[in-house]
Amino acid sequence: MAFVAGLATPTALDVVPDGCIDIYWTGGGLQIAGPNTEVVTLTMPSAARLAGVRFHPGVAGRWLGLPATELVNRHQPLDEVWDRRIVDELSDRLAH
C-alpha cells in the first residue's frame, strides 16, 4: 500500500500500533517507522510531500535484512539501517 499527501502547514500525525513497518519519504529523505507498541506522534514540516510503503507484519524484516524486533518503536532515517548509497539513490528518484 502506498500513500501520498501534501501538507500546507506543519502537521502532527499519530502513528498507531498495527504491527506494520513503514518506509516513507518526506521530501527531505527516507525514514523508517518500525512496528509500534504505543501511539507515536510525529510532526511533519510544512509543505512536506509524503510517499510511503507499508509492509505487513513479517515481510519488511526479510526485505531490509534485519529482524523487525530491532525496529520496534523506532522512527529513524532509513540510511541508519540500510545502505546509504541505495537510500540516497531512491530519495533522489522520489525527489524527481
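Here is a yes/no grid of residues against (1) at pLDDT below 90; (2) of a type in the set (D, E); (3) in contact with a Ser or Thr (Cβ under 8 Å, 6 or more places away or on another chain); (4) under 21 Å from R93 (Cβ atoms):
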{"residue": "D14", "(1), (2), (3), (4)": "yes, yes, yes, no"}
{"residue": "W25", "(1), (2), (3), (4)": "yes, no, yes, yes"}
{"residue": "L30", "(1), (2), (3), (4)": "no, no, yes, yes"}
{"residue": "E38", "(1), (2), (3), (4)": "no, yes, no, no"}
{"residue": "R49", "(1), (2), (3), (4)": "yes, no, yes, yes"}
{"residue": "P57", "(1), (2), (3), (4)": "yes, no, no, no"}
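Residues that are buried (at least 20 other Cβ atoms within 10 Å of the Cβ) and outside any strand (DSSP E or B) were ranked within the stretch 23-35; the one that is farthest from the chain's Cα centre (by Cα) is P35. When restricted to residues that are of a type outside the set (G, A, S), part of a loop (DSSP other than H, G, I, E, B) and either touching a residue at least 24 places away in the same chain (Cβ under 8 Å) or open to solvent by 60 Å² or more (accessible area, probe 1.4 Å) (or both), the stretch 54-75 contains 7. Out of the stretch 76-96, which residues are surrounded by 11 or more Cβ atoms within 10 Å (Cβ to Cβ) and either in a strand (DSSP E or B) or of a type in the set (K, R) (or both)? Matches in the stretch 76-96: Q76, P77, R84.
The values are calculated or read from the model by the stated rules, or taken from the named source; none is laboratory data. The model shown is predicted, which means the values in this text are computed figures rather than measured ones. Positions of Cβ are generated from backbone atoms using ideal geometry, with glycine treated the same way; all protein chains shown enter the neighbour counts. SASA here: full protein model, heavy atoms, side chains in, ligands and nucleic acids out. Shrake-Rupley method; radii C 1.70, N 1.55, O 1.52, S 1.80 Å.
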